[in-house]
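K.L.:
Mind having a look at this structure? Questions to follow.
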Amino acid sequence: MVGQALIQWFLPSASTDSVVAIYPGSFDPLTNGHLDLIRRARRIAGKLIVAVLNNDQKHPLFSVEERMEMLREACVEMDNVEVGSFSGLLAEYAANRGARVIVRGIRAISDYEYELQMASMNRRMRPEIETMFLLAAEENSFISSRLVKEIARLGGNISGIVPNFVESRLAARFENPSKV
Ligand code: PNS
């Protein structure tokens, strides 16, 4: 019930069941760090929307559909988790989906500056939506999608850092058949 107490402190008029939260990101690809955050965030919201950014300017390795497929596979047993995608402003997407909370993870102090800027700008645009930061678990604090891709591309071992099916997809993408 820590989740309930926390959300009532955060959003006094809400019960956990009625709170829709959004966890946005690129998820290119999903890592075990993301997955840990999804598992923890879903306990403090009635519904958690994991929202994949649709932005080709970032030149993602996986298409939005592929990234959503991986998320759906990982969250198949999480009944209050929905996978979505968005383009344009996150604050507008969150408002359109009726979300009152944006969840972001912080791994290290270096994440904080960017996250603080984003949260402040999002609050300026949509003051009714709160950003909530969850600290990455210690064992995940070094994981990033960027490094996962680089290691996979160079044939390194990423088991335990991403789900097995993500590892296979990365191996297939980089044509490393021994790991598919
Ligand atoms: O996983 P990432 O790449 O760190 O996620 C960044 C994301 C998707 C949360 C951020 O780039 C974003 O919100 N993009 C949507 C465009 C937007 O709203 N920009 C203004 C942010 S204040």
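The values are calculated or read from the model by the stated rules, or taken from the named source; none is laboratory data. Because the structure is a prediction, the values reported are computed rather than measured. All Cβ positions, glycine included, derive from the backbone under ideal geometry; neighbour counts span all protein chains shown. Protein only, heavy atoms only, side chains kept; ligands, DNA and RNA dropped before computing areas. Shrake-Rupley method; radii C 1.70, N 1.55, O 1.52, S 1.80 Å.
K.L.:
Does any residue in the range 113-140 that is within 22 Å of Gly33 (Cα to Cα) come within less than 6 Å, Cβ to Cβ, of a residue that is among the small types (Gly, Ala, Ser) six or more places away or on a different chain, and which pairs are these?
P.N.:
Close Cβ pairs (under 6 Å, with a partner that is among the small types (Gly, Ala, Ser)) amount to Thr131/Ala119; Leu134/Gly105; Ala136/Gly33; Ala136/Gly105; Asn140/Gly33.
K.L.:
Among the residues of the range 102-161, write down those that are open to solvent by 100 Å² or more (accessible area, probe 1.4 Å) and among the polar types (S, T, N, Q).
P.N.:
Gln117, Asn157, listed by residue number.
K.L.:
Restricting to the range 28-60, what's the tally of residues that are within 14 Å of the chain's Cα centre (by Cα) and within 20 Å of Asn122 (Cα to Cα)?
P.N.:
The number of residues fulfilling the criteria is 8.
K.L.:
Six or more apart or on different chains, Cβ atoms under 7 Å: show the pairs whose first residue is in the range 49-77 and modelled with pLDDT under 95 and whose second is open to solvent by less than 70 Å² (accessible area, probe 1.4 Å).
P.N.:
If the second residue must be open to solvent by less than 70 Å² (accessible area, probe 1.4 Å), the pairs left are Lys58/Ser26.
K.L.:
Taking strands (runs of 3 or more DSSP E) that do not extend beyond the range 41-158, which have at least 3 residues that are of a type in the set (Lys, Arg) and within 11 Å of the ligand (Cβ to nearest atom)?
P.N.:
none
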